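Written below as structure tokens is the structure these notes are about.
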Amino acid sequence: MNLKSLKLVPLLICGGVIGFICLTQSLLSRFGSAQFFPRLEWMTYDWRLRMANHFEPPVSDKLAFVFVGDDAINLFSQGKLNTNLMFGLKWPRHVYGRLVRELKAQGANGVGMDILFGDLRPDHPPIKMPNGSMTSDRFFAEELKQAGNVVIGATKEVMPPPLFRGSAAALGGISQERDPDGILRRARAFQDYKIWHPEIQRESWLAGWDLANALIQSNRIRFPTRDGGSALLSLNSDGLFDPSEISKVQPANGIVRLAKAFEEMRIWHLGIVLAARELNLDLDKAIIALEKGQIILTGTNGLSRIIPVDPGGQFLIDWRLPLGDKRLTSEAFESIISKDLERQLGSNTPARFVGKLVLAGSTATGNDLGDRGATPLEKDAFLTSNYWNVVNSMLVGQFIQPSSLFLDWVLISLMGLGAAALTWRLRAIWASFMVALLVLASVLLGLFVFVRYRWAWPMVMPVSACLLTHVGLLTYQTFFEQNERHRIKTIFAKLVSPHVVNELLRAKNLSLIGSRAEVTVFFADIRGFTALTDRSHAQAEEYVRANRFGEAEAKVYFDQQAQVMIHTVNEYLGRIADVIKKHEGTLDKYIGDCVMAFWGAPAAHPQHALACVRAAIDAQRSIDSLNQQRAARNKVREQENLRLAATGQPALPMLDLLTLGTGINTGVVTVGLMGSDEHGLNYTVFGREVNLASRLEGHSGRGRIVISEATHRELQREAKALAATCIALPSTTLKGFGSSLKIFEIPWQASVRHELNPKERCPELISETTLTDRRAHNAQVG
């Protein structure tokens with residue numbers, strides 16, 4: 001994998017994570033699935049709703065609640081309000097009629113009843129009236145009609161009988177659909193019901209007809225039955241049926257009265273109906289655009305309300321008012337009935353419900369009147385509270401607005417890109433800290449817009465995009481850094497000391513592809529090696545001719561001599577390379593019998609000139625030590641050759657003693673990797689200052705270290721004592737450099753001690769006699 005492809009990997013990781021999260025967000029059903037991420041999203045939504053309620057959001061002052069509690073059940077069961085009001089759990093309908101009458105008398109603008117009224121109950125005792133008696137059901141229906149402002153509850157399973165439907169102001173849906181985790185968060189704005197003819201409804205109970213899955217055709221209706229079969233009901237061309245076909249009872253007068261099999265009715269949520277009547281909004285003219293996620297309600301007064309809904313017509317309930325909130329006018333059911341009794345006797349009772357929209361529902365426990373469950377605010381609450389909260393949203397004109405899928409994608413992308421930028425630009429620990437701050441900022445911003453504007457955008461998926469991008473890039477960086485460490489070790493392990501390699505591995509801003517840097521360049525050439533090679537070749541050829549070797553024998557002998565020469569130069573070059581690494585220089589290359597190195601790159605070196613000069617001194621001394629060792633071995637060979645000559649054997653060749661010429665220059669150069677991954681890379685320097693160091697090496701002669709004026713200035717700044725030992729040479733003009741240059745020589749003989757460790761004392765200067773001898777030698781060479 002090349003460097004260019006490595007740079008694309010972070011972009012692919014970031015884009016892949018963002019794309020995956022966006023796709024996941026698109027596929028998951030919004031706020032309504034039992035899957036992992038939607039459940040987490042619901043948890044953050046519940047938290048936001050609870051936090052929002054700490055700020056006491058504005059609510060309407062028209063909300064009221066009449067609750068049927070355990071006290072009401074006990075009072076009625078014992079007849080303590082009135083002996084005529086003594087009954088068990090199945091209360092006669094006239095009790096609710098008294099409730100409606102009293103609330104109307106107190107000036108309530110509307111009443112919503114979270115109570116189901118199924119079939120008529122002729123078995124309940126009649127109620128005495130001034131003009132006689134009236135059935136309990138009829139009394140309730142009359143009070144509904146006179147009040148004209150009562151919305152009674154209905155569900156798909158329990159639909160009020162025609163007597164109540166015709167007397168009430170409207171029907172309101174009181175079905176509740178909890179999320180898979182059992183929490184009531186949403187309500188359905190409306191439901192379309194089929195209200196079947198009483199004969200069909202009765203037959204469904206008796207014969208097990210499945211009305212919900214009835215198949216309606218042009219001339220008949222097919223009802224699935226509980227035994228797996230089906231029942232057919234004929235229809236005429238107008239869609240009417242003969243009720244006697246079901247009842248099997250023919251009319252007495254022989255006149256058949258056809259009827260509609262069912263009536264289609266749209267039933268809106270109880271809270272919406274109650275609020276719409278208060279605001280004069282026409283539900284029959286509602287603009288339902290589920291594909292756009294909204295229902296628009298308009299009225300004759302120019303007022304309108306927009307309900308944000310999902311594709312299924314559900315909207316989020318803004319739970320601002322829990323049961324017991326002081327802003328909700330509440331009173332017990334039995335208290336209202338008591339006041340109705342007093343009012344009928346002529347007493348003037350206080351009116352607490354003037355202008356109020358009153359919800360009536362149960363808070364009783366231990367019986368089928370109670371409707372309890374979890375809400376975002378409470379684990380165990382009376383779910384009747386959802387109706388006045390919906391009424392409140394309608395009155396104040398503020399619903400919880402879920403974000404669009406496009407906005408979800410934008411948030412996911414921004415969080416992913418933010419995490420990518422932080423992770424790629426900062427060190428791992430700081431990147432993790434900043435990503436954590438980014439997550440915290442997004443959560444706090446989400447909370448703010450929810451509290452202030454009731455916008456509910458997702459938190460889990462954007463945060464997931466942020467964290468997954470961060471973790472993915474950190475993982476890649478770890479992999480990339482390991483590869484880069486291996487790459488650096490591969491390039492530099494043989495060029496610099498292990499200490500420098502470790503410095504490179506720790507460097508955060510290492511540039512190997514090209515930069516400008518101030519370095520000190522070192523050239524050292526082994527003097528006499530070319531002449532030695534020529535002489536060795538000539539001697540080998542002479543030996544081959546003298547001994548009349550054949551072609552194969554001659555090749556073997558020539559190869560042996562070449563190996564000796566290579567061993568000799570490697571022994572000298574190895575000494576120089578060891579010294580360069582010891583002084584933490586970068587070994588650039590071998591140019592034949594010449595060594596090139598530099599200090600100050602790739603790892604910065606604050607005293608690169610001083611380190612280079614010290615290495616040059618040590619290199620000269622190492623070569624001098626090597627020559628002394630080879631000279632001692634030559635003395636041993638001389639003795640061995642006397643023995644060999646006495647026996648007529650060929651003499652051992654003498655080991656040649658070679659010297660070193662060194663040139664050093666300091667300046668700004670271009671440094672970086674040259675070559676290609678396919679054909680090899682070389683970390684090197686080039687530029688005018690490199691050429692000058694090479695020219696100084698050529699000018700140095702044998703066994704000398706020549707430095708430029710720039711290097712000398714660095715020594716004066718970094719090691720004044722060492723600089724004081726330098727000998728100024730005559731100015732010279734070098735090839736490729738027009739003007740005359742000042743150059744200096746550094747004495748390196750063992751009798752001259754230099755400050756090789758900055759912590760040591762100042763060095764002893766070269767003796768005057770030695771300086772005089774060196775100047776004389778320089779004059780001869782110059």
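Here Ser347 passes the criteria (1) of a type in the set (S, T, N, Q); (2) part of a helix (DSSP H, G or I); (3) free of Cβ contacts under 8 Å to residues at least 40 places away in the same chain except the one numbered (2).
Here Lys489 clears all of (1) basic (Lys, Arg); (2) modelled with pLDDT under 85; (3) touching a Gly at 6+ places or on another chain (Cβ under 7 Å) except the condition numbered (3). Considered as a group, the residues in the stretch 188-212 that are modelled with pLDDT of 90 or more and open to solvent by 60 Å² or more (accessible area, probe 1.4 Å) include one that is nearest to Val309 (Cα to Cα), and that residue is Arg188.
Of all helices (runs of 4 or more DSSP H) completely enclosed by the stretch 385-466, which ones contain at least 3 residues that are open to solvent by less than 30 Å² (accessible area, probe 1.4 Å), out of contact with any helix residue (DSSP H, G or I) (no Cβ under 6 Å at 6 or more places or on another chain) and not β-branched (Val, Ile, Thr)? Result: 385-396. Candidates Ala619, Ala609: the one that is more than 23 Å from Pro730 (Cα to Cα), at pLDDT 95 or above and crowded, with 18+ Cβ neighbours inside 10 Å is Ala619.
Restricting attention to the stretch 742-761, the residues that are at pLDDT 90 or above and either crowded, with 18+ Cβ neighbours inside 10 Å or in a loop (DSSP other than H, G, I, E, B) (or both) total 6. If a residue must be outside any helix (DSSP H, G or I) and touching a residue at least 24 places away in the same chain (Cβ under 8 Å), how many such residues does the stretch 162-211 contain? So the answer is 29.
Annotation note: Cβ proximity below 9 Å between a residue of the stretch 99-125 that is under 16 Å from Thr384 (Cβ atoms) and a residue that is hydroxyl-bearing (Ser, Thr, Tyr) and in a loop (DSSP other than H, G, I, E, B) (sequence gap 6+ or interchain) occurs for Asp114/Thr384; Leu116/Thr155. Within the set Leu644, Leu610, the sole residue that is free of Cβ contacts under 8 Å to residues at least 24 places away in the same chain and either aliphatic (A, V, I, L, M) or touching a helix residue (DSSP H, G or I) at 6+ places or on another chain (Cβ under 6 Å) (or both) turns out to be Leu644. Does Lys339 satisfy the condition of being surrounded by fewer than 17 Cβ atoms within 10 Å (Cβ to Cβ), among the basic types (Lys, Arg) and on the phi < 0 side of the Ramachandran plot? Spelling it out, it is not the case that Lys339 is surrounded by fewer than 17 Cβ atoms within 10 Å (Cβ to Cβ), among the basic types (Lys, Arg) and on the phi < 0 side of the Ramachandran plot. May I ask you to verify whether Asn82 is over 30 Å from Asn392 (Cβ atoms), without any contact (Cβ under 8 Å) to a residue 12 or more places away in the chain and either among the small types (Gly, Ala, Ser) or open to solvent by 10 Å² or more (accessible area, probe 1.4 Å) (or both)? Spelling it out, it is not the case that Asn82 is over 30 Å from Asn392 (Cβ atoms), without any contact (Cβ under 8 Å) to a residue 12 or more places away in the chain and either among the small types (Gly, Ala, Ser) or open to solvent by 10 Å² or more (accessible area, probe 1.4 Å) (or both).
Looking at the stretch 292-324, which of its residues are without any contact (Cβ under 8 Å) to a residue 60 or more places away in the chain and in a loop (DSSP other than H, G, I, E, B)?
Of the residues in the stretch 292-324, the ones without any contact (Cβ under 8 Å) to a residue 60 or more places away in the chain are 292, 294, 296-304, 311, 324.
Within the stretch 292-324, Thr300, Asn301, Gly302, Leu303, Pro311, Gly324 qualify.
Please verify whether Leu274 is hydrophobic (A, V, I, L, M, F, W, C), touching a strand residue (DSSP E or B) at 6+ places or on another chain (Cβ under 7 Å) and either in a strand (DSSP E or B) or more than 30 Å from Leu357 (Cβ to Cβ) (or both), treating the condition exactly as stated. It is false that Leu274 is hydrophobic (A, V, I, L, M, F, W, C), touching a strand residue (DSSP E or B) at 6+ places or on another chain (Cβ under 7 Å) and either in a strand (DSSP E or B) or more than 30 Å from Leu357 (Cβ to Cβ) (or both). Residues in the stretch 685-719 that are open to solvent by 10 Å² or more (accessible area, probe 1.4 Å), part of a helix (DSSP H, G or I) and touching a helix residue (DSSP H, G or I) at 6+ places or on another chain (Cβ under 7 Å): His712, Glu714, Gln716, Glu718. Residues that are at pLDDT below 85 and of a type in the set (Ser, Thr, Tyr) number at least 2 in the following helices (runs of 4 or more DSSP H) confined to the stretch 1-92: 3-27. Residue check: is Arg121 among the charged types (D, E, K, R), modelled with pLDDT under 95, more than 56 Å from the chain's Cα centre (by Cα) and open to solvent by 40 Å² or more (accessible area, probe 1.4 Å)? Spelling it out, Arg121 is indeed among the charged types (D, E, K, R), modelled with pLDDT under 95, more than 56 Å from the chain's Cα centre (by Cα) and open to solvent by 40 Å² or more (accessible area, probe 1.4 Å).
For Lys589, the conditions (1) among the basic types (Lys, Arg); (2) touching a helix residue (DSSP H, G or I) at 6+ places or on another chain (Cβ under 9 Å); (3) assigned to a strand (DSSP E or B) are fulfilled apart from (2). The residues of the stretch 215-231 that are part of a loop (DSSP other than H, G, I, E, B), at pLDDT 90 or above and either touching a Ser or Thr at 6+ places or on another chain (Cβ under 9 Å) or hydroxyl-bearing (Ser, Thr, Tyr) (or both) amount to a single one, Asn219.
Count, please, the residues in the stretch 542-576 that happen to be in a helix (DSSP H, G or I), open to solvent by 90 Å² or more (accessible area, probe 1.4 Å) and farther than 14 Å from Leu658 by Cα.
Looking only at the stretch 542-576, we keep the residues that are in a helix (DSSP H, G or I), and these are 542-546, 551-576.
Adding the requirement that they be open to solvent by 90 Å² or more (accessible area, probe 1.4 Å) leaves 542, 545, 551, 553, 555, 560, 563, 566-567.
Add one more test, that the residue is farther than 14 Å from Leu658 by Cα, and what stays is 542, 545, 551, 553, 555, 560, 563.
So the count comes out to 7.
Within the stretch 251-289, if we keep just the residues that are surrounded by fewer than 18 Cβ atoms within 10 Å (Cβ to Cβ) and touching a Ser or Thr at 6+ places or on another chain (Cβ under 8 Å), the residue that is farthest from Ile306 (Cα to Cα) turns out to be Pro251.
Would you say Ser330 is free of Cβ contacts under 8 Å to residues at least 60 places away in the same chain and either in contact with a Gly (Cβ under 7 Å, 6 or more places away or on another chain) or closer than 26 Å to Val100 by Cβ (or both)?
no
The values are calculated or read from the model by the stated rules, or taken from the named source; none is laboratory data. Quantities reported herein were computed from a predicted structural model and do not represent experimental measurements. Positions of Cβ are backbone-derived with ideal geometry, glycine not excepted, and every protein chain shown enters the neighbour counts. Please note that ligands, DNA and RNA were not included when accessible areas were found on the heavy atoms of the full protein model with its side chains. Shrake-Rupley method; radii C 1.70, N 1.55, O 1.52, S 1.80 Å.
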